[in-house]
Structure formats: C-alpha cells, structure tokens
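Please treat every number below as a calculation from the coordinates, not as lab data. Owing to the predicted nature of the structure, the values given are computational and were not obtained by experimental measurement. Heads up, the Cβs are rebuilt from the backbone with ideal geometry, glycines too, and the neighbour counts pull from every protein chain shown.
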Amino acid sequence: MRVRPNPLLPSVVPLALAVLLLPAGLPVAARAAPQDPPPPGAGPQMLHAEADDAISKILSPFCPGQMLETCPSGTAAALRDSINAMAHGGMAADSIIELVLAAHGEEYRAFPKRTGTGLLAWAIPPAVLVAGLAVVVLALRRLVGPAPARAGADLTDEQRERLDAALAELEEMEELE
C-alpha cells in the first residue's frame with residue numbers, strides 16, 4: 001500500500017509558520033492588547049471580532065466559489081481557527097487578510113482594495129451606471145421630440161381675434177343642438 005502525499009499540506013505549512021513567527025515581527029501597535037483565546041471546544045461561535053471581519057472578506061482556497069466563512073471543508077475550518085488565533089494574538093483584520101492572501105494568492109480576496117487599481121473596481125460600476133442613465137434620458141428626449149409649444153403662444157392679434165370668433169361660433173352651434 002502506497003501513501004499519497006496530502007495536496008493541501010503545502011498551503012497549510014506556510015500559514016502555520018506565519019501564525020507562529022509573524023506576531024514577533026509585528027510593530028508594537030499591532031501587538032498591543034492581546035486578548036484571551038477562547039476556551040477549548042468553544043467552537044466557531046466564539047470568533048474574535050477581527051477574525052470574523054477577516055474571514056468575511058476572504059474567498060475559500062478549498063471550496064471554489066465559496067466564502068471562507070461558509071466553506072464546509074475541514075481545511076477551511078483549520079484556516080478559520082488559525083485566523084481566530086491570530087486575532088486573539090492581537091492582529092488586525094487587514095493584517096490577517098494580507099497574511100492569508102500572501103500564503104494562498106491574491107485571487108482569494110473577496111472585495112477589491114480601496115486603493116490603487118482596486119479603486120477602479122469601486123469607481124467604474126457607478127460611473128457606468130450614471131453614464132448609461134444619461135444615455136437613456138438623451139435617447140428618450142430624442143424619441144419624444146421637443147416639448148409641444150403652448151397653444152396660442154406665438155399668434156398675432158389678428159389670428160387671436162379670428163380664433164376667438166371661431167370658438168364663439170362653435171359654442172353657439174353646440175347650444176343649438
């Protein structure tokens with residue numbers, strides 16, 4: 001019987017090393033105020049707020065198309081636990097996200113960055129929506145045509161008198177009927 005190597009091991013080892021080694025190299029502000037880790041067996045309901053924030057912004061490297069927070073894989077659960085441990089160690093959510101993405105790849109970022117070229121992903125959709133709305137308004141104006149002129153707005157005095165006489169005559173005919 002031949003033992004096959006675990007294909008997930010190469011992606012878990014760098015993360016485990018980072019969990020052990022990174023807190024020592026963090027600036028003092030990032031290491032400040034570590035909190036007590038959750039009690040053993042407390043389960044996922046005891047997620048640290050920073051861990052919950054980080055987990056909600058990462059796609060699962062183990063379940064294609066799913067968020068890390070909903071991936072049922074055991075490896076994803078281990079990653080969530082290590083993220084929780086990092087958060088309880090005092091790491092901020094952004095630092096945790098960057099660490100996980102460094103280990104697994106930028107393609108697992110659920111939301112684009114709000115700086116640099118990632119800012120385009122936030123700015124282009126609303127701009128396209130506004131431009132599309134402007135095109136629709138202009139197209140509708142062109143299809144409808146110019147607003148109709150108010151009746152009698154540009155009549156001469158003579159034309160207005162003739163119109164009034166015709167309307168009076170029409171009213172008399174209606175009364176006779």
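Odds and ends about this structure:
- The label-point distance for LEU119 and GLN159, in a model that sets each label 7 Å from Cα toward Cβ, rounds to 5.7 nm.
- Likely footprinting exposure, ASP154, ASP94, fewest C-beta neighbours within 10 Å first: ASP154, ASP94
- Here THR70, THR156 are placed in order of increasing Cβ neighbour count within 10 Å, fewest first, which gives THR156, THR70.
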